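**Student:** I have a structure I would like to understand better, so I am pasting it below and will then ask my questions one at a time.
Where a number appears in this text, it was derived from the coordinates with a stated rule and is not lab data. The model shown is predicted, which means the values in this text are computed figures rather than measured ones. For neighbour counting, all protein chains shown are included, and Cβ atoms are generated from backbone atoms with ideal geometry for every residue, glycine included.
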Amino acid sequence: MILRKKTRVKMYRTSWHKLTLFIVITSMYSKGVHAQEEKSDCVIKLEQAQSKYNQGRIQDIEPLIGDCLQSKGFDKTSETQALKLLALSYLFLEEPEKAGETMLQLLHANHLFSINPAIDPSEFINLYEKYRHDPLFSLGFLGGLVAAKPIVIASQLNSTQDLNNDNRQKYSPLINFRVGANAEYKLKEKIYLVAALNFSFVKFQKTHSSTRPITNTSTAGVGFEGIEAQSSIELPLLVQYHIAEATKLTPYVAVGVAPQLLLNASYSGETITNTIEGSPSATSQNISLTQDRNRFNLNIMAVGGLKYKINEGFLNIQLRYSYGILQSSKETSALTPTNPNLLWDLNESSDGFRLHDIGISIGYTFDIYVPKKLR
């Protein structure tokens with residue numbers, strides 16, 4: 001009786017294993033059949049066209065895939081393969097005009113298409129080289145951080161503390177931002193012309209401290225601390241050189257000039273002075289400096305950067321140094337500012353200075369392709 005039960009259990013397990021195996025095989029077969037059913041007619045025709053090309057039956061290719069190309073029955077990868085196959089067939093059938101039209105269609109369909117010198121026929125390579133396949137120009141945007149600091153002109157030390165034979169005020173850069181759009185145009189191999197439109201917002205801090213006697217035996221700290229802010233737009237024009245043009249990474253350097261228009265300038269400061277009673281008094285104000293600064297300037301620029309290829313464009317990272325050639329402050333406003341409170345309430349007047357800045361930016365630039373026949 002026990003032996004009979006064991007035999008039944010064994011037979012049951014064997015049957016279960018066979019059923020499981022049958023289900024797995026049936027499922028795999030069904031998936032394979034379903035995948036074949038999902039394959040479009042155009043993809044099947046493309047496979048047949050490739051087979052006929054390999055067999056040398058060139059004349060059969062256009063009838064197979066022509067309708068699918070006209071009806072947009074391919075995805076991008078299949079369309080590229082089909083157009084290349086069609087262009088090759090026209091070349092071997094000695095129909096150069098149709099081959100050229102198909103090559104142009106191929107370059108419009110896939111801007112990143114490139115030849116393979118190792119396997120592509122020389123006739124196809126020569127046809128490819130007759131058409132512009134590189135980007136015509138590039139458009140992009142950049143944004144990042146910038147720090148600016150005045151370069152004081154030695155002959156124009158006009159600050160009130162200097163006039164009183166006091167210690168020099170100090171200038172410190174503050175980190176702010178710059179954003180903009182840019183365009184690149186290839187002049188020749190590795191050399192590009194770059195034009196941009198940027199908005200910059202920069203600040204720098206001015207500080208001064210000293211001591212003043214309160215009584216015969218004690219002194220008090222006096223001085224001021226303020227921040228000058230400037231916003232401007234600029235139009236950089238640079239010549240860019242690609243140090244190396246790898247498949248993905250391209251380091252570059254650039255030099256150029258940037259005409260600049262000042263939009264707004266202001267000073268927010270606080271000063272501490274001695275009162276008649278001998279105790280310190282604090283005064284703070286926010287004063288416009290727009291009329292006390294030159295509205296137009298010209299910067300010279302040096303840039304180093306790195307481009308990383310992404311699809312039909314590239315990630316752009318750059319480090320930039322800019323130096324103002326013209327004086328930022330008006331010499332006539334140094335001791336007679338537009339708002340006299342700057343001088344009398346804040347104990348401030350302007351040294352003559354130029355601005356220089358350093359910044360780092362990151363952005364994305366996308367290529368604009370306009371394929372056409374070159375010759």
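**Student:** Quick one: which of Lys76/Lys186; Lys45/Lys373; Lys186/Lys309; Lys76/Lys130 span more than 19 angstrom between C-alpha atoms?
**Tutor:** Working: Lys76/Lys186 27 Å; Lys45/Lys373 30 Å; Lys186/Lys309 16 Å; Lys76/Lys130 23 Å.
The answer is Lys76/Lys186; Lys45/Lys373; Lys76/Lys130.
**Student:** Looking only at the stretch 228-271, which residues have a backbone nitrogen under 17 Å from a spot 7 Å from the Cα of Asp120 in the C-beta direction?
**Tutor:** Once the point is set 7 Å along Cα→Cβ of Asp120, 247 turn out to lie under 17 Å by backbone N, inside the stretch 228-271.
**Student:** Starting from the Cα of Ser231, step 7 Å along the direction of its Cβ; do the same at Gln59; then give the gap between the two resulting points in nm.
**Tutor:** Rounded to a tenth, the inter-label distance reads 7.3 nm.
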